[in-house]
Amino acid sequence: MASENLIRLVRLAQRLLPPIIALVVVAFELALLPYRHQDFTLWLRLGFYGLVGPLVTYAVLEWIAQEVLERARAERALEEANRRLLAAGRVFREALKSENLEEAVQRVARVLEESLGLPVGLEVEGVRAGCEGEGLRVELPGLKGYLEVCAQGADRAFLEVLAHEAAGALQAVVARSRDLLTLYEVDQALKAEANLDRLLEGLLERIRAWAEAEGAGVLLLDEEGFLVPRVVRNLDLPGHPFLPEGPWKGALEGPVFVAPETLALPLKAREPVGVLVVKGKGLSRRIPFLSFLASQVALAVRNAQAYLRAEELAINEERTRIAREIHDGIAQSLAFMALKLDLAERLLDKDREAALKALAEVKDTLRAQIREVRRSIFALRPIDLERYGFLESVRRYAQAFAEQAGFRVQISTPERVGLSQASELVLFRVLQEALTNAAKHARPTRVDVVLEPLGERGARLVVRDNGRGFAEPSAQGLGGFGLTQMRERVEARGGRFFVRSEPGKGTEVVAELPY
């Protein structure tokens with residue numbers, strides 16, 4: 001603004017000063033004319049001072065005007081450069097503030113529109129913000145997208161500069177979004193799949209897609225310290241177990257290239273459990289995130305191995321329980337029936353009435369054992385907690401068990417409880433054991449099953465029957481192998497377990513998680 005005012009003043013001086021100088025010279029010479037002789041020098045002075053003075057003044061003012069113009073142009077160029085730098089800086093700041101690609105595109109589009117003073121449309125990886133229409137369009141380098149101005153009068157050069165800056169800022173957002181999406185997919189895969197081989201295949205596909213790798217594989221350590229290929233895709237690796245020697249030994253400690261463009265990373269969950277191998281280009285710059293993904297794979301392997309060990313322990317525990325039930329129940333009943341049949345056979349000719357009585361006892365015992373076998377078979381049937389959900393599984397199991405055992409059941413459950421899957425399984429096992437004990441020992445006509453919330457992240461299960469009850473057992477009121485198992489399971493999850501019972505007044509089993 002100051003430069004424009006100065007230029008106007010200089011132009012005004014160019015128009016006014018030369019004629020004023022000429023008039024002053026002429027007036028001065030004419031004023032002195034009576035005192036001078038009229039000769040050739042008069043006209044020479046008039047010509048020289050009347051023409052040269054104004055011309056010199058005009059030229060000096062023109063030079064000043066040009067300098068002011070150049071300065072004004074330099075100031076405008078500097079302002080434009082500052083404006084572009086500020087716009088680029090705002091683009092980066094807005095992109096860094098964004099939590100996802102959609103928000104980043106909206107923020108950047110708004111900044112570009114303010115910088116250009118024109119309606120702007122921006123599209124990146126299918127995400128669009130701003131105006132739509134036919135206008136000046138510039139592709140975003142390195143991204144699937146473009147920047148366009150939906151109006152006339154846009155400076156293409158400035159638009160290309162802004163497109164480069166926006167592409168640079170949004171590339172970081174796209175990369176961050178891909179990392180977060182990969183982490184989300186890995187987390188979902190860990191939750192959704194229990195089979196280790198299928199889980200590793202899914203994780204490898206996600207890692208390959210993220211790293212743009214040609215191949216990948218997981219090798220696990222066995223009990224003898226050999227690396228065993230578990231899941232391998234498009235890798236030239238031995239198909240048999242081998243000792244971790246040479247670079248493979250180093251791969252158990254940290255990332256190392258075991259071959260050109262083939263990176264091996266340790267799978268560590270406290271102790272090494274194996275190696276993740278990725279083959280592709282540009283893996284050096286991806287090592288930090290690949291190391292993090294390798295830790296997730298190691299966690300999945302360790303959890304799967306722990307699950308298999310727990311499953312084996314559970315199977316052994318169930319086998320022990322079944323063996324105990326057969327020994328204490330069916331085996332003894334069969335022995336009793338064998339003795340009774342022997343007695344009936346000996347009495348058949350001597351005392352027919354006693355023989356028939358012994359046969360009746362055998363028939364009653366046999367029917368009771370048939371019911372017991374059916375109940376045991378029902379108890380062994382798997383219940384799919386994931387399919388029906390915890391609450392629905394409790395209702396289904398209690399109703400079906402009551403039908404098998406021949407007593408009425410009253411079930412009370414809330415709309416929801418805040419339990420983890422592990423805690424749900426513990427309470428469900430307590431329910432199974434409590435109903436089994438009631439049917440086997442208490443012989444009730446009615447059982448109440450009550451499940452109620454206990455705080456925000458807990459629940460209380462009560463199984464109450466009107467059966468025969470029993471005297472207070474030893475060991476803090478928790479006698480019996482089944483009761484001990486229930487108590488240990490509940491207390492292992494940080495809960496509380498207790499039993500109340502009196503002869504002739506029924507039994508109440510209570511489990512609380514957490515306590």
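The values are calculated or read from the model by the stated rules, or taken from the named source; none is laboratory data. Note that the structure is predicted; figures quoted are calculated from it, not measured. Cβ: placed from backbone, ideal geometry, glycine included. Neighbour counts: every protein chain shown. Heads up: the accessible areas ignore ligands, DNA and RNA and are worked out on the full protein's heavy atoms, side chains in. Shrake-Rupley method; radii C 1.70, N 1.55, O 1.52, S 1.80 Å.
For residue 58, tell me the accessible area in Å² from a 1.4 Å probe, rounded to the nearest 10.
110 Å²
With the full set of protein chains in place, find how many percent of the accessible area of the range 241-324 is carbon and sulfur; take the probe as 1.4 Å.
Working: 2680 of 4580 Å².
For the range 241-324, the apolar C and S fraction of the accessible surface comes to 58 percent.
Quick one: 3J(HN,Hα) in Hz for the range 252-265, Karplus 6.51/-1.76/1.60 with θ = phi - 60°, rounded, Gly and Pro as x.
Taking θ as phi minus 60°, the curve returns 7, 10, x, x, 8, 7, 7, 6, x, 6, 10, 9, 10, 10 Hz for the range 252-265.
Within the set 144/268; 357/505; 144/281; 340/505, which residue pairs have Cα atoms separated by over 29 Å? Write down the numbers at each step before the final one.
Values: 144/268 37 Å; 357/505 33 Å; 144/281 21 Å; 340/505 34 Å.
Table pairs above 29 Å Cα-Cα are 144/268; 357/505; 340/505.
What's the FRET efficiency of residue 228 with residue 313 using the Cβ-Cβ distance as r and R₀ = 25 Å, to the nearest 0.05? It would help to have the intermediate numbers written out before the result.
Working: r = 24 Å, r/R0 = 0.95.
Efficiency computed from Cβ-Cβ geometry: 0.60.
Test of the criteria: in the range 196-247, which GluC sites (Glu not before Pro) are in a DSSP loop and have at most 16 other Cβ atoms within 10 angstrom of their Cβ? Don't skip to the end; give the middle numbers.
Details: sites: 201, 205, 212, 214, 223, 224, 245; in loops: 212, 214, 223, 224, 245.
Qualifying residues, ordered by number: 212, 214, 223, 224, 245.
Which sequence of 268, 363 reflects their accessible areas, 1.4 Å probe, from the largest down? Show your work: numbers first, answer last.
On the way: 268 85, 363 110 Å².
Descending accessible area places them as 363, 268.
What figure in square angstrom, to the nearest 10, would you give for the accessible area of residue 327 with a 1.4 Å probe?
120 Å²
Any idea of the accessible area per residue across the range 197-313, 1.4 Å probe, to the nearest Å²?
On the way: 6100 Å² over 117 residues.
Result: 52 Å² of accessible area for each residue.
Any chance you could look up the accessible area of residue 507 with a 1.4 Å probe, heavy atoms only, rounded to 10 Å²?
20 Å²
Do you know the relative contact order of the range 205-264, to the nearest whole percent, from alpha carbon pairs under 8 angstrom that are 6+ apart? Walk me through the numbers before you get to the answer.
Numbers: 67 pairs, mean separation 12.1, N = 60.
The value is 20 percent.
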